[in-house]
Structure formats: C-alpha cells, structure tokens
Amino acid sequence: MPKFRRTDRINEQLKQEISLLIRDQVRDPRVGLATITAVQTSPELDHAKVYITALGDEAEREEILVGLRSAAPFIRRELGKSLQMRRIPELHFEIDRVLAEAMRIEQLLREALPYDASASAAADEDAADAVEESAEEQAAAGDQAEGEGRE
C-alpha cells in the first residue's frame, strides 16, 4: 500500500490535537494519563485508529480505553472546530501493544542467547593473554633469528 504524504500530515496533526484535547478538555476521570502514540487514518479519511499507551495494569488500561471511547464524540466535535477539514474521521481508540511486544521479543532473545558478563570478561582476558603470548613468541623468534645471523 503506497504511503501518502497528505495522510501522514493529517495523522500527525490529529495526534497533536487529540493529545491537547485529552490533556486540557476531557474531564472524564477514567482517561487519566493516556498518551497518544500514533494515529492511522484510512486513505478516504473516514476512520482513524488512535493508538494509546497508559501506565498501570491491563484492567486500568481497559478502563482508560472505555473512557476515551465514551469521549470520542466530544473529541471529534472539538476537532471539527479546530481543524480545517471537510470531514473529521470517526475515532477508534486502541491500546498500542508495540512496546509490550518489543519487550517480549527482547526477553525471548535474552533467554535464547544468554549473555554472561563474567564469561565475556574471562574471554576478553584470555584473548588479551593470547595476543601477549603471540607477541612474546614473535619477539623471541626475531631475537633468535638475529642471533643466528650474527654468528
């Protein structure tokens, strides 16, 4: 699906405006400290998915989501007043699970590829010792070659 610069600009503008409205004008106590992470509009600008994150456990996030869904008509009306758009998209609020998925993948990678700092430090010391021994052997071989050449 091709990317459209206009929808990208609209997505960013909607994100900023919705964030301000939630912070300043939405009085629903359930909303709390919701953070808008992204907005994705359909190419026809009929619908917009608004991705949010919030602190707390899953039940608290669901409560925030319910509060935002109940405030969606108010937010849409206020967007219509502040934005110069012919049609304000219908807002669909969803919890952004990207961060949780990234942390889950990172945890799986840590389990699959355990990184032991002490083992790494020991390997670094062994490598340094090997380099020193090799340099000493080369110096000794060079000294022997010089000594043989003088005789």
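The values are calculated or read from the model by the stated rules, or taken from the named source; none is laboratory data. Worth saying up front: this structure is predicted, and the values here are computed from it rather than measured. Note that we place each Cβ from the backbone using ideal geometry, even for glycine, and neighbour counts take in every protein chain shown. Just the protein is used for accessible areas: all its heavy atoms, side chains included, with ligands, DNA and RNA removed. Shrake-Rupley method; radii C 1.70, N 1.55, O 1.52, S 1.80 Å.
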Does residue 87 count as at pLDDT 90 or above, open to solvent by 70 Å² or more (accessible area, probe 1.4 Å), out of contact with any Pro (no Cβ under 7 Å at 6 or more places or on another chain) and under 20 Å from residue 36 (Cβ atoms)? no
Answer yes or no: is there a residue in the stretch 19-30 that is within 22 Å of residue 100 (Cβ to Cβ), of a type in the set (A, V, I, L, M) and assigned to a loop (DSSP other than H, G, I, E, B). no
Across the stretch 39-76, what is the total count of residues that are open to solvent by 50 Å² or more (accessible area, probe 1.4 Å), under 18 Å from residue 15 (Cβ atoms) and not in a loop (DSSP other than H, G, I, E, B)? 6
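Would you tally the residues in the stretch 28-75 being among the basic types (Lys, Arg) and touching a His at 6+ places or on another chain (Cβ under 9 Å)?
The total comes to 2.
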Considering only residues that are over 11 Å from residue 37 (Cα atoms), open to solvent by 20 Å² or more (accessible area, probe 1.4 Å) and touching a residue at least 12 places away in the same chain (Cβ under 8 Å), which ones fall in the stretch 12-22? 13, 17
State yes or no: is residue 99 assigned to a loop (DSSP other than H, G, I, E, B), open to solvent by 80 Å² or more (accessible area, probe 1.4 Å) and under 19 Å from residue 38 (Cα atoms)? no
